[in-house]
Amino acid sequence: MENNFDITRNIKSLENLKVELLLKIASVFKNFNNDDLPQELIDDICHVIIIGYLLGNKLGYDFREIDDEISKRIKSISADIEEDSQNYKKLAEYLKKR
């Protein structure tokens, strides 16, 4: 019976994270063009990233594994997209320095 409670708790936790993610993404779009709230926008963007890590971890992925996959994808994207590759290159350079 205890195992059923754990499964229910995990499902509820995942659902709460998904709802929180949707709310933060909606807030990013809401605050995107609002020059009066620059700190709220960066807070929302940070929350989206954090929730992504938490969701990945809840699904069984290690935080380092998520970091490594992000780095790999940034490298492959920056090689594929030339017109916007400068943005990806800046991000890849930043991540290498971390």
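The values are calculated or read from the model by the stated rules, or taken from the named source; none is laboratory data. Fair warning: this is a prediction, and the values are worked out from it, not measured in the lab. Don't worry about glycine lacking a Cβ; one is built from the backbone with ideal geometry, like all the others, and counts go over all protein chains shown. The accessibility values were calculated without ligands, DNA or RNA, using every heavy atom of the protein model including side chains. Shrake-Rupley method; radii C 1.70, N 1.55, O 1.52, S 1.80 Å.
Within the range 79-95, restricting attention to residues that are at pLDDT below 70 and over 18 Å from the mean Cα position of the chain (by Cα), which residue is most open to solvent (accessible area, probe 1.4 Å)? Ranking the candidates gives E83 first. I'd like the full set of residues that are exposed (fewer than 11 other Cβ atoms within 10 Å of the Cβ) and either under 22 Å from P38 (Cβ atoms) or of a type in the set (K, R) (or both), limited to the range 10-25. Listed by number, the list holds a single entry, K12.
Hey, among the residues in the range 26-49 that are of a type in the set (S, T, N, Q) and either touching a helix residue (DSSP H, G or I) at 6+ places or on another chain (Cβ under 9 Å) or touching a residue at least 40 places away in the same chain (Cβ under 8 Å) (or both), which one's least open to solvent (accessible area, probe 1.4 Å)? If you could, list the steps in order and put the result at the bottom.
From the range 26-49, those of a type in the set (S, T, N, Q) are 27, 31, 33-34, 39; that's our starting set.
If we keep only those that are either touching a helix residue (DSSP H, G or I) at 6+ places or on another chain (Cβ under 9 Å) or touching a residue at least 40 places away in the same chain (Cβ under 8 Å) (or both) too, we end up with 27, 31, 34.
Working: S27: 28, N31: 4, N34: 55 Å².
Filtering the range 26-49 for residues that are of a type in the set (S, T, N, Q) and either touching a helix residue (DSSP H, G or I) at 6+ places or on another chain (Cβ under 9 Å) or touching a residue at least 40 places away in the same chain (Cβ under 8 Å) (or both), the one least open to solvent (accessible area, probe 1.4 Å) comes out as N31.
Could you tell me which residue of the range 33-74 is farthest from L14 (Cα to Cα), considering only residues that are acidic (D, E) and assigned to a helix (DSSP H, G or I)? Out of the qualifying residues, it is E40.
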